[in-house]
Amino acid sequence: MSKASLLVLLSCLLIVSSGCAGKLWRAAQQENTIAGYAAFLEEHPNSWYADDARTKWLEKIAEKKTKEAAHKAAAEKEYSALLPQMQEAFNQWRATGDEIDYRKLLDIGDRLATIRANYDSPLFSTDEISDLLGPPDEIEEHGDEKNLIWKLAPQDEGIPTDMSFSLKVKW
């Protein structure tokens with residue numbers, strides 16, 4: 001095979017491969033995701049579009065981290081605002097034994113637990129809860145977790161004695 005034939009063959013292969021890269025690049029741009037740009041770079045790491053793909057891939061990673069940080073900051077702000085509400089609801093429930101106060105306490109506890117669970121911290125710390133609610137009436141052990149239980153101490157006739165509030169904590 002002559003040099004000229006080899007040159008023509010290599011040129012044809014380059015045109016065909018850049019056509020494939022061009023199609024994949026347009027698809028990655030349309031998808032506009034970390035995964036899309038990563039898939040393009042995996043298939044065509046040295047193509048004409050590779051530098052642009054790397055730039056877009058890094059921009060998308062930075063954008064994702066920024067959004068996650070903003071979301072986490074908002075959740076931490078909500079969590080901090082809920083802690084005093086939980087303390088107030090707990091004290092109100094212990095003082096009255098009222099079903100509505102109890103439901104409010106449970107709702108706030110659920111909201112706090114959901115925030116913690118969304119950030120891989122599903123359990124409350126013992127110190128954090130003890131500072132808010134005082135010492136528990138009972139403690140149930142479950143491996144490396146403990147369930148702190150506060151029971152309603154009825155002060156008047158007619159207040160149900162079977163109501164309790166519990167939280168899982170790190171020990």
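No value in this document is a laboratory result; all are computed from the given coordinates. Note that the structure is a prediction, hence the values are computed from the model and not measured. Ideal geometry is used to build each Cβ from the backbone, glycine not excepted, and the neighbour counts take in all protein chains shown.
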Legend entry - Filter result for the condition that a residue is of a type in the set (Lys, Arg) and crowded, with 16+ Cβ neighbours inside 10 Å, over 104, 64: 104
Inset, instruction - Determine if the stretch 35-52 includes at least one residue that is closer than 30 Å to residue 151 by Cβ and in contact (Cβ under 8 Å) with a residue 12 or more places away in the chain. - result: no
